[in-house]
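> Provided herewith is a single structure, encoded as structure tokens, for subsequent inquiry.
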Amino acid sequence: GAVVSQHPSWVICKSGTSVKIECRSLDFQATTMFWYRQFPKQSLMLMATSNEGSKATYEQGVEKDKFLINHASLTLSTLTVTSAHPEDSSFYICSAFRYSNQPQHFGDGTRLSIL
Amino acid sequence: ELKVEQNPLFLSMQEGKNYTIYCNYSTTSDRLYWYRQDPGKSLESLFVLLSNGAVKQEGRLMASLDTKARLSTLHITAAVHDLSATYFCAVDSRQGAQKLVFGQGTRLTINP
């Protein structure tokens, strides 16, 4: 069964709306979680590394004020897309790993469509 | 900066045939992952390769890693339609920290 749960799976909203996406590790504690973005027919691009109890680390070109990340507990990280615009429409995927020599477990993804 | 390149990007093949997907990367790493993605879905882990010469097999898929050549291969044996998907390799750019850089993906279509 799934070890990383992501919610919601689909969001359609108007431009200017803020959207929060949750990522939970279900049966393990994750001090680190990752947020990726995937545009249609493209690869995954790492947006940021979410660190429990400290600030997220953002990749170059990702606006930290636009994509707010909170990792308040060892099982939950949230990504908030603030004042979303159509160009933010994408597939957002979170992941976490249990041990460093094991693969990341990916959530089911959130398809975000901004009208 | 680590770059990961897959080849080919698109592959259409008939059932029963064999083929290989290649994953080249530009800087030293000894941790490489293969994932599968079905349309509209998230990623499913296939293989973890953690050392030079590592070889893993699961069903009709076999993955290998040559860290000296900075090359991993994903070999498909006697392909079946159910293997149609997009396959990604990903390299850990920060040893053990799992900061992954993904290849472009190989879209595999297997025709009956």
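> For every other residue with a beta carbon closer than 14 angstrom to the beta carbon of A:A72, add +1 if it is Lys or Arg and -1 if Asp or Glu, then tell me the sum.
Charge balance near A:A72 sits at +1.
> Let me ask something else. On each of the three principal axes of the Cα atoms of region A:31-115, give max minus min coordinate, whole Å, ordered largest first.
Sorted largest first, the three principal extents are 38, 27, 22 Å.
> Ok, one more. Convert 4 °C to kelvin, take the viscosity as 1.567 mPa s, use the Kirkwood radius over C-alpha pairs of the protein assembly as shown as Rh, and evaluate the Stokes-Einstein diffusion coefficient in µm²/s, rounded to a whole number.
This corresponds to a translational diffusion coefficient of 72 µm²/s.
> Okay, next question. Cα-based Rg of chain B per 2.2 N^0.38 Å, rounded to two decimals?
Taking the Cα Rg and dividing by 2.2 N^0.38 Å, one obtains 1.01.
> Something else now. As a footprinting exposure proxy, order B:H75, B:H81 by other Cβ within 10 Å, with the fewest listed first.
Least crowded to most crowded, the residues run B:H81, B:H75.
> Hey, rough spin-label estimate for B:D30 and A:S83, points 7 angstrom out along Cα→Cβ, what's it come to in nanometres?
Result for the modelled spin labels: 4.8 nm.
> Ratio to report: Rg/Rh of region A:39-79, with Cα atoms as the point set and Rh obtained by the Kirkwood method; give two decimals.
Looking at region A:39-79, the ratio lands at 1.02.
> To continue, here is another question. How high is the relative contact order of chain A, in percent, counting Cα pairs under 8 Å that sit 6 or more residues apart?
Computed value for chain A: 36 percent relative contact order.
> Something else now. Set the Förster radius R0 to 41 Å, insert the Cβ-Cβ distance between B:H81 and A:S113 as r into 1/(1 + (r/R0)^6), and round the FRET efficiency to 0.05.
That pair, B:H81 with A:S113, gives E of 0.85.
> Given the convex hull of the Cα atoms of region A:1-70, what is a quarter of its surface area in nm²?
Taking the Cα atoms of region A:1-70, their convex hull projects to 6.0 nm² on average.
> Return one quarter of the surface area of the convex hull spanned by the alpha-carbon atoms of region B:1-46, equal to its mean projected area, in nm².
For the Cα atoms of region B:1-46, the hull's average projected area reads 4.6 nm².
> Identify the trypsin sites (Lys or Arg not before Pro) of region B:1-79 meeting these criteria: DSSP loop state and at most 13 other C-beta atoms within 10 Å of the C-beta.
Sparse-neighbourhood loop trypsin sites (Lys or Arg not before Pro): B:K3, B:K17, B:K68.
> Could you pull out the pairs from A:K14/B:K41; A:K20/B:K56; A:K20/A:K41 whose alpha carbons sit more than 30 Å apart here?
The answer is A:K20/B:K56.
Every number here is computed from the coordinates shown, using simple stated rules; none is lab data. Not measured: the values here are computed from a predicted model. Cβ coordinates were reconstructed from backbone atoms using ideal geometry, including for glycine residues, and neighbour counts include every protein chain displayed.
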